[in-house]
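Worksheet: one structure, shown below.
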Amino acid sequence: MKTTHLMFLLASTIGIATTAVAGPALDMAQAHFAAIGAGEHAAIVHDYADNARLTWVGGPLDGSYDGAAAIGAVWSKFGAMGPLRVTVMGASESVNPKGATVTAAVQFDGKASIKVRYVLTYRDGKLVNETWQIDPKLAASAM
């Protein structure tokens, strides 16, 4: 209960729209998005399993990155943009005994607006697969 309340307070403070009821994977995803927006490299990298994969679709970081070290290097480059306001809407969680998947529409706002379709897969509490797809046509109403 304390963790969920703390996540809500953190999300409210940095401008993340939250859902009323969230499961563990959705809570982890919300914290992940917040860490990306805040440029908290250590918190971002901590989320990943050693064999994780990040697939970035579109933009200057387009590509596939395997392993926590390679993924951390990508987030270091992205973090150079400075703090970003994060808006998450339309997030949903699917869970079964083998793992959980979170899908969301996320907008990162700083000097530019970056609209992203997001899919995160968790196993044993760690992020094992992440797809970040830049979606310039993502409308705020669709999020």
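The values are calculated or read from the model by the stated rules, or taken from the named source; none is laboratory data. If you're wondering where the values come from, they're calculated on a predicted model, not measured in any experiment. Virtual Cβ from ideal backbone geometry, glycine too; neighbours counted across all protein chains shown.
Considering the range 76-94 alone, what residues qualify as being within 23 Å of ARG123 (Cβ to Cβ), of a type outside the set (Ser, Thr, Tyr) and modelled with pLDDT of 95 or more?
Step one: filter the range 76-94 for residues within 23 Å of ARG123 (Cβ to Cβ), giving 88, 91-94.
Pick out the ones that are also of a type outside the set (Ser, Thr, Tyr) and you get 88, 91, 93.
Scanning the range 76-94 gives a single hit, GLU93.
Considered as a group, the residues in the range 94-130 that are small (Gly, Ala, Ser) and out of contact with any helix residue (DSSP H, G or I) (no Cβ under 9 Å at 6 or more places or on another chain) include one that is farthest from GLY23 (Cα to Cα), and that residue is ALA112.
Inspect the range 63-71 for any residue being closer than 18 Å to LYS111 by Cα, touching a Leu at 6+ places or on another chain (Cβ under 8 Å) and among the aromatic types (Phe, Trp, Tyr) and give the result as yes or no.
Keep residues of the range 63-71 that are closer than 18 Å to LYS111 by Cα, which gives none.
Checked the range 63-71: no residue is closer than 18 Å to LYS111 by Cα, touching a Leu at 6+ places or on another chain (Cβ under 8 Å) and among the aromatic types (Phe, Trp, Tyr).
The single residue among ARG53, ARG123, ARG85 that is farther than 26 Å from LYS137 by Cα and touching a residue at least 40 places away in the same chain (Cβ under 8 Å) turns out to be ARG123. Can you tell me which of (1) under 17 Å from GLY23 (Cβ atoms); (2) in contact with a Gly (Cβ under 6 Å, 6 or more places away or on another chain); (3) not hydroxyl-bearing (Ser, Thr, Tyr) is the one ALA91 doesn't meet? Of (1) under 17 Å from GLY23 (Cβ atoms); (2) in contact with a Gly (Cβ under 6 Å, 6 or more places away or on another chain); (3) not hydroxyl-bearing (Ser, Thr, Tyr), only one is false for ALA91: (2). Number of residues in the range 80-133 that are aliphatic (A, V, I, L, M), within 12 Å of the chain's Cα centre (by Cα) and surrounded by 19 or more Cβ atoms within 10 Å (Cβ to Cβ): the value is 10.
Here the strands (runs of 3 or more DSSP E) wholly within the range 90-143 that include at least 2 residues being among the hydroxyl-bearing types (Ser, Thr, Tyr) and within 23 Å of PRO60 (Cα to Cα) are 113-123.
Just to be sure before I move on: is ALA31 part of a helix (DSSP H, G or I), at pLDDT 95 or above, surrounded by 16 or more Cβ atoms within 10 Å (Cβ to Cβ) and not basic (Lys, Arg) in the structure I sent? Lay out the reasoning, then the answer.
Working: part of a helix (DSSP H, G or I): yes; at pLDDT 95 or above: yes; surrounded by 16 or more Cβ atoms within 10 Å (Cβ to Cβ): yes; not basic (Lys, Arg): yes.
It is true that ALA31 is part of a helix (DSSP H, G or I), at pLDDT 95 or above, surrounded by 16 or more Cβ atoms within 10 Å (Cβ to Cβ) and not basic (Lys, Arg).
Would it be correct to say that VAL74 is crowded, with 16+ Cβ neighbours inside 10 Å, in contact with a Phe, Trp or Tyr (Cβ under 9 Å, 6 or more places away or on another chain) and part of a helix (DSSP H, G or I)? Break it down into steps so the answer makes sense when it comes.
On the way: crowded, with 16+ Cβ neighbours inside 10 Å: yes; in contact with a Phe, Trp or Tyr (Cβ under 9 Å, 6 or more places away or on another chain): yes; part of a helix (DSSP H, G or I): yes.
Yes: the conditions hold for VAL74.
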